[in-house]
1. With no solvent and one equal point scatterer per Cα, compute the Debye intensity ratio I(q)/I(0) for the stretch 15-74 at 0.16, 0.22, 0.26 Å⁻¹ and report its log10, rounded to two decimals.
2. With a bin width of 5 angstrom, please list the P(r) values of the stretch 187-231 as percents of all Cα-Cα pairs, from the 0 bin to the one holding the largest distance.
3. Using 1/(1 + (r/R0)^6) with R0 = 35 angstrom and r between the beta carbons of VAL25 and MET64, what's the FRET efficiency to the nearest 0.05?
4. Between THR98, THR56, THR198, find the one with the highest GNM mean-square fluctuation for the chain; connect C-alpha pairs within less than 10 Å.
5. Scattering from the C-alpha atoms of the stretch 110-244 alone, worked out with Debye: what is log10 I(q)/I(0) at q = 0.17, 0.20 1/Å?
6. At q = 0.17, 0.24, 0.29 Å⁻¹, what is the log10 ratio I(q)/I(0) for the stretch 40-90, with the Debye formula run over Cα points and no solvent?
7. Under a 1.4 angstrom probe, counting protein chains only, how are ASP76, ASP180 ranked by accessible area, largest first?
8. Where in the chain are the DSSP H helices whose alpha-carbon span along the long axis reaches 15 Å or more and whose Kyte-Doolittle mean is at least 1.0?
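The values are calculated or read from the model by the stated rules, or taken from the named source; none is laboratory data. Every value quoted in this text rests on a predicted model; they were computed, and no experiment measured them. Neighbour counts are summed over all protein chains in view; Cβ atoms, including those assigned to glycine, are modelled from backbone coordinates with ideal geometry. When the accessible area is computed, the model is the full protein with side chains, heavy atoms only, and any ligands, DNA or RNA have been set aside. Shrake-Rupley method; radii C 1.70, N 1.55, O 1.52, S 1.80 Å.
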Amino acid sequence: MNQELRNFLHAIRQSAQDLAPIVLVISFFQLVVLQQPIPNMGEIFIGTLLVVLGLTLFVRGLEMGLFPVGESMAYDFARKGSLFWLLTFGFLLGFGTTVAEPALIAVANEAAKVAANGGVIAATDEARDGYALGLRLTVAVAVGLAILIGVLRILRGWPIQYLIIAGYLGVVVMTAFAPDSIIGIAYDSGGVTTSTITVPLVTALGVGLASSIRGRNPMVDGFGLIAFASLTPMIFVMAYGMLI
């Protein structure tokens, strides 16, 4: 058995261990608390195996593809020494990964349906599609701006705590003025942006950039971009709700 196959089997075993607590919790409450048999055992078993395999392939793909790409591009931009192109890349990376984020697409579509049912927008497909697209673009711009600010922080060595405190003060202030119908969506938008696509690339960008700049510590300066990515969408979505 070659080394690559052994590594893959180890990754599958690790994924199964990570998934085991979820399986145990669901089984306990279904069998012990609810005292009901688990329906469709065969389908659930096959589905669980597929989840383990999918999780293994996803993590392996991150290690082989997204992390190296993000870090290498950060190194290249740092060596190029162009602040404009580095900031442009950071903004477009945040924007592009967020627009493609499956979790955001799902939340935006659900928010559009609820808004139509609640009379906030017209109950037509065109109105729902427009609302969902506007919400996605708003969040994407917010994340792009967040990554841009995070890159500037790494370059300038700004303390992250002051930026985070100022950002959350902005969230509190916006909450007082935003419509009630948008506040919950805004808060959830901050969470769904930090998911499967955005996190790996943005993390790799931050760590790679901090590693390539003299005087920067990857542990201290390389992380924190995700905090900005989950913060700014809340402010932008509440502003979006006030405007529409």
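1. Log10 of I(q)/I(0), two decimals: -0.64, -0.89, -1.05.
2. The percentages, shortest bin first, are 5, 25, 28, 19, 13, 7, 3, 1.
3. Using R0 = 35 Å, I get an efficiency of 0.65.
4. The residue that fluctuates most here is THR56.
5. -0.87, -1.08
6. -0.63, -0.85, -0.97
7. Ranked list, largest accessible area first: ASP180, ASP76.
8. What comes out of the filter, once short or polar helices are dropped, is 41-61, 83-99, 125-156, 160-177, 198-212, 225-243.
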